[in-house]
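These notes concern the structure reproduced below.
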Amino acid sequence: MEKELPELNSRLRKIIDTQTDGNVSRFADLIGFSQQKVNRLFTIDTRTEKFPTVTIDIVSKITEMFVNINPDWLLNGKGEMYRNQNTKYAENVTIENGNGNGNENGTKPNMQKKLPYQVNPYILRTDSKKENQIIPLYNMEASAGLVQLLDNHSDQKPIDFISIPNLPNCDGALFVTGDSMYPLLKSGDIIAYKQVKDIENDIFWGEMYLISIDVGDEELVTVKYVQKSEKDGHIKLVSQNKNHQDKDVKISKIRALALVKASIRYNMMT
């Protein structure tokens, strides 16, 4: 008996059939992957006797190239296939400019509409916004720490996905723990981040970072503003919460660093 395709693979097949008339080669060229890699997603792996998993890099490219495809339908089978039949992503997100006075266009949000969550983007002048992107949400504990997560994104299994328009390019997202950045960030908020690979040379001073610090044999992960330190070879970590003191840390003690690109807070609905 022939095995059925997994639901995600099946939806991918539908996209190929409708967007490129079933032409796998053309579809593969559009998303920047080999035809062989795409074809494998519809062929049972003889070693595992299962169909290969559709990876997040393929999903991200699909939503980038085919902007009419509804990401929630692609990932979860929810809603309609096309965005113009499901305006969830346009209507249910408030993007504020950081001061709570309005959205990025300078207009007041419609306060009569109950919004499930709000987004605060932290955008640099050098950033370019992506109209559509799928951001994987990870469980850091399941990834054995921030270092392992950032170094092995492709090997990590997300616990969920976030689709928010007009954010800078992000590598992933995590839940916030602790109160060092309160009230800007609360425990349970989500931060979307972009990994910094050259820690010594690519820091934007004064911006907010997700940081892994070597403390003895343990990894301390925190979210802080990073400022210049008066001590050579150090950076200064500054909290939003004034009950937390500033701390100078040796750059050599930083095991991983990621620039916070956005924070997401779910509103409590009554």
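Worth a mention:
- Only residues that are surrounded by fewer than 16 Cβ atoms within 10 Å (Cβ to Cβ) and in contact with a strand residue (DSSP E or B) (Cβ under 9 Å, 6 or more places away or on another chain) were counted across the range 1-41, and they come to 2.
- Hits in the range 1-18 (condition: under 18 Å from VAL54 (Cα atoms) and either in contact with a helix residue (DSSP H, G or I) (Cβ under 8 Å, 6 or more places away or on another chain) or without any contact (Cβ under 8 Å) to a residue 24 or more places away in the chain (or both)): GLU4, LEU5, LEU8, SER10, ARG11, LEU12, ILE15, ILE16, ASP17
- At least 2 residues being farther than 25 Å from ASN120 by Cα, among the basic types (Lys, Arg) and modelled with pLDDT of 85 or more is the threshold, and among the helices (runs of 4 or more DSSP H) wholly inside the range 18-99 those reaching it are 35-40.
- Among residues of the range 158-210, those that are of a type in the set (Val, Ile, Thr) and without any contact (Cβ under 8 Å) to a residue 24 or more places away in the chain, counted: 2
- The residue that is nearest to GLY172 (Cα to Cα), among those in the range 216-232 that are surrounded by 15 or more Cβ atoms within 10 Å (Cβ to Cβ) and of a type in the set (D, E, K, R), is LYS224.
- Candidates in the range 59-72 are the residues that are of a type in the set (S, T, N, Q) and open to solvent by less than 10 Å² (accessible area, probe 1.4 Å); of these, the one that is farthest from ASP155 (Cα to Cα) is ASN70.
- Consider the range 42-58 and keep the residues that are among the aliphatic types (A, V, I, L, M) and out of contact with any strand residue (DSSP E or B) (no Cβ under 6 Å at 6 or more places or on another chain). The one that is most open to solvent (accessible area, probe 1.4 Å) is ILE44.
- Only one of the listed residues (ILE213, ILE264, ILE235, ILE251) is surrounded by fewer than 19 Cβ atoms within 10 Å (Cβ to Cβ), of a type in the set (A, V, I, L, M) and in contact (Cβ under 8 Å) with a residue 24 or more places away in the chain. That residue is ILE251.
- Identity of the residue in the range 188-210, surrounded by 19 or more Cβ atoms within 10 Å (Cβ to Cβ) and aromatic (Phe, Trp, Tyr), that ends up farthest from ILE162 (Cα to Cα): TYR209
- Whenever a residue of the range 34-47 is in contact (Cβ under 8 Å) with a residue 12 or more places away in the chain, it has no partner that is assigned to a strand (DSSP E or B) and surrounded by 13 or more Cβ atoms within 10 Å (Cβ to Cβ) lying with C-beta atoms less than 8 angstrom away and at least six residues away or across chains.
- Failed item, numbered, when THR48 is tested on (1) over 25 Å from CYS170 (Cβ atoms); (2) touching an Asp or Glu at 6+ places or on another chain (Cβ under 6 Å): (2)
- Single residue of the range 51-61 satisfying the filter (in contact with a Phe, Trp or Tyr (Cβ under 9 Å, 6 or more places away or on another chain) and among the hydrophobic types (A, V, I, L, M, F, W, C)) that is farthest from ASP171 (Cα to Cα): PHE51
- Filter result (within 24 Å of the chain's Cα centre (by Cα) and not in a strand (DSSP E or B)) within the range 237-259: SER239, GLN240
The values are calculated or read from the model by the stated rules, or taken from the named source; none is laboratory data. In this text, all values refer to a predicted model and were calculated from it rather than measured experimentally. Positions of Cβ are backbone-derived with ideal geometry, glycine not excepted, and every protein chain shown enters the neighbour counts. Please note that ligands, DNA and RNA were not included when accessible areas were found on the heavy atoms of the full protein model with its side chains. Shrake-Rupley method; radii C 1.70, N 1.55, O 1.52, S 1.80 Å.
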